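Let me begin by presenting the structure, written as structure tokens, before commenting on it.
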Amino acid sequence: MIKIPPQKIKELLTEEGLISNADFDNLMIETERMGQNINDVLISRGIITNDYLYNLFSKYYGVERSNLVSREIKEESLRRLSENLARQKRVIIFDEENGTFSVAMEDPTDLTIIEFLKNHLNANIKPYLATGDDLDKGFAIYGRQFAQDFKKLIEENIKASLVQKAKTVEESAQAVPIVALIDNLISYAISLRASDIHIEIFDDGILVRFRIDGVLQEIVKIPKEVHSPIAARTKLLSGLKIDEHQKPQDGRFRYKVGLDLIDIRVSTIPTFYGEKIEMRLLPSTQKPLSLRELGMIESMERVIRENIKKTYGMILITGPTGSGKTTTLYSILNILNRPEVNIVTVEDPIEYDMKYINQTQINPLAGITFANGLRAILRQDPNIIMVGEIRDEETAEIGVHSALTGHLLLSSLHTNDAVTAIPRLVDMKIAPFLVAAVLNLVLAQRLVRKICLHCIESYIPSNDLITSLKRQLKELNISADIKPSKTLYRGRGCINCNNSGYSGRLGIFEILDVGEEVRKEIINPNFSLDVIISLAKGKGMVTMFEDGLRKAELGVTTIEEVLRVIRE
């Protein structure tokens, strides 16, 4: 990525009054200690935004931003460079005029790449500064052609694998058609920004589904005859036992796309017709996001930052599976990661490798559970503890006592909203007076799909739509006023979002800041959730729906999407 000398960034930011000289110097010391980039740290701490950073780059180097999100990409120009080269060099050719190619580049100051493109294309190059979203739009156009060829490739590989006679399952797993089949599935999933690949076997064949922006989509059906070599190939890649079919297995492997590495977590489980395979795709270079990048509004971010300054107590992140709880926990840990504190975690699995944080992986076979891991952590002189999830009474009890004895404990819990974390802890046999004593903050969240910026449009909702939305709100016991004249937003659907109208996700949140009034109500023999909610709203709590509605009004997501995830 393009860089500005830290001293110059310091000058630019101090001139704007965004940070003091002393604070920037302290941040640089911390950045060097953690081996991070000063730009990433500035964004994660909320000092600047990603967009502001790119404007700084553009101004400093005198290079125009490509803004491909709102600019047309000429496909004939784009295809002058192969997708493999484009990904490898991190460039997109988006226009051509008078023998000069306009090229969006991750680093427009890289003279080596510019010279390479000049020679490769035998033309002049005009570099532009590209963001990750700009490059993704270009890669999506490449992906469209791949999508057209995908089923044909799959059919060819299946025919070849059925014809080929292999002596053993191991030989089948390493046969060229099966290797190509798995490679094509993974490549296609990555091109569609899928987070998961599901390979499911039924009586009439194999169904492949991808989870894209949190929603499962059917991709292709495959004859069941190739299930055995597909399962064997996946197990071979992830280090699992090929001859074990009756027990669940977990493994992982790494897949390379251009210069990017993708960590793939594999899970197999026996079903009625055979083994189901699930692959979770995780970029190996993934870094913790800032709270603002997660989608958090300023007032919520302020409440979190105030609570993580406390030296003891419990902070819980709640929501269903797949709602982004772990990502939020890592973002908070990234803020807390300082030289003067010892941070230890116990996780299942470790999704981000964080420098100077001691991370422990759950391993039931070795006797490391959340409860046992937490006991061991307490003997490691920690200041801050992160437990991936509170799943049982034992973990809850040890966690509460940890928070009582001078430790700040962060964890996640499965509840529908913030306030129901309180009765959930009581159900886990934690006495109400202990819950009141240790609980500092509960953050509930969901992930909503963002409207695709390439095909966003405004519209006035019809009376039928308003009636339908009001009925759904009533069913969810939510009071909100949706007026017929109100302008809303949606995505028409285009090649960049696979015609879904959505691209990417962000969080909607609600925060219960546990103050004295709430603590008193928790230990009240006539404890009432309604009273807790009333007290919290009196202190300015914004519910998840209200946060989602605000984002829908701003054109970030749709009301239908907010209602969909609220029902989870």
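Exceeding 19 Å between C-alpha atoms, which entries from my cross-link table qualify? They are K3/K287; K235/K276; K89/K137; K486/K551; K221/K256. Mind showing how you got there, number by number?
Working: K3/K287 17 Å; K235/K276 12 Å; K89/K137 16 Å; K486/K551 14 Å; K221/K256 25 Å.
Result: K221/K256 exceed 19 Å.
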> With labels modelled as points extended 7 Å from the Cα through the Cβ direction, what inter-label distance (nm, one decimal) is found for S468 paired with R79?
Replying inline: 3.8 nm
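Which values, in whole Å and largest first, are the semi-axes of the equivalent ellipsoid of segment 300-385 obtained as the square root of 5 times each eigenvalue of the Cα gyration tensor?
Details: eigenvalues 91, 57, 29 Å².
Value: 21, 17, 12 Å, ordered largest first.
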> What's the Cα-based Rg to Rh of segment 216-338, Rh via Kirkwood?
Replying inline: 1.10
> What nm value, rounded to one decimal, do you get for the distance between H401 and E298 when each label is placed 7 Å out toward the C-beta?
Replying inline: 4.5 nm
>> Could you tell me the relative contact order of the chain? Use alpha-carbon pairs under 8 Å, at least six residues apart, and round to a whole percent.
In response: 10 percent
> Based on Cβ point charges of +1 for Lys and Arg and -1 for Asp and Glu, what charge dipole magnitude is obtained for the chain about its Cα centre, in debye rounded to the nearest 20?
Replying inline: 460 debye
> If segment 268-322 were replaced by its equivalent ellipsoid, with semi-axes equal to the square roots of 5 times the Cα gyration tensor eigenvalues, what would those be, largest first, whole Å?
Replying inline: 36, 16, 11
>> More than 37 angstrom separation, counting every C-alpha pair in the chain; what % is that?
In response: 42 percent
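Once neighbouring chains are kept in place and the probe is 1.4 Å, which whole percent of the accessible area of segment 488-568 is contributed by carbon and sulfur?
With neighbouring chains kept in place, the figure for segment 488-568 is 48 percent.
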>> Give me the 1.4 Å probe accessible area per residue for the chain, excluding ligands and nucleic acids, in Å².
In response: 47 Å²
> For segment 420-543, what relative contact order do you get, as a whole percent, if you take Cα pairs closer than 8 Å and at least 6 residues apart?
Replying inline: 34 percent
> If one computes P(r) from the Cα atoms of segment 336-402, what percent of pairs lie at distances over 14 Å?
Replying inline: 54 percent
>> For the chain, what does the helix formula give at 222 nm: sum of -39500 (n - 2.57) over DSSP H segments with n ≥ 4, over the residue count, nearest 500 deg cm²/dmol?
In response: -12500 deg cm²/dmol
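Å³ per residue of the Cα convex hull, for segment 344-450? Mind dumping the intermediate values first?
Working: hull volume 13.4 nm³, N = 107.
Expressed per residue, the convex hull around the Cα atoms of segment 344-450 is 126 Å³.
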>> What aspartates and glutamates does K355 reach when the alpha-carbon gap must be under 12 Å and sequence neighbours fewer than 8 apart in one chain are set aside?
In response: E30, E32
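Working out 0.36 nm times the residue gap between L216 and L554, then minus their Cα-Cα distance, what length gain in nm do you get to one decimal? Numbers along the way, then the final one.
On the way: separation 338, 0.36 × 338 = 121.68 nm, distance 2.64 nm.
So the extension gain works out to 119.0 nm.
The values are calculated or read from the model by the stated rules, or taken from the named source; none is laboratory data. A quick note: this is a predicted structure, and the numbers were derived from the prediction, not measured. Positions of Cβ are backbone-derived with ideal geometry, glycine not excepted, and every protein chain shown enters the neighbour counts. Protein only, heavy atoms only, side chains kept; ligands, DNA and RNA dropped before computing areas. Shrake-Rupley method; radii C 1.70, N 1.55, O 1.52, S 1.80 Å.
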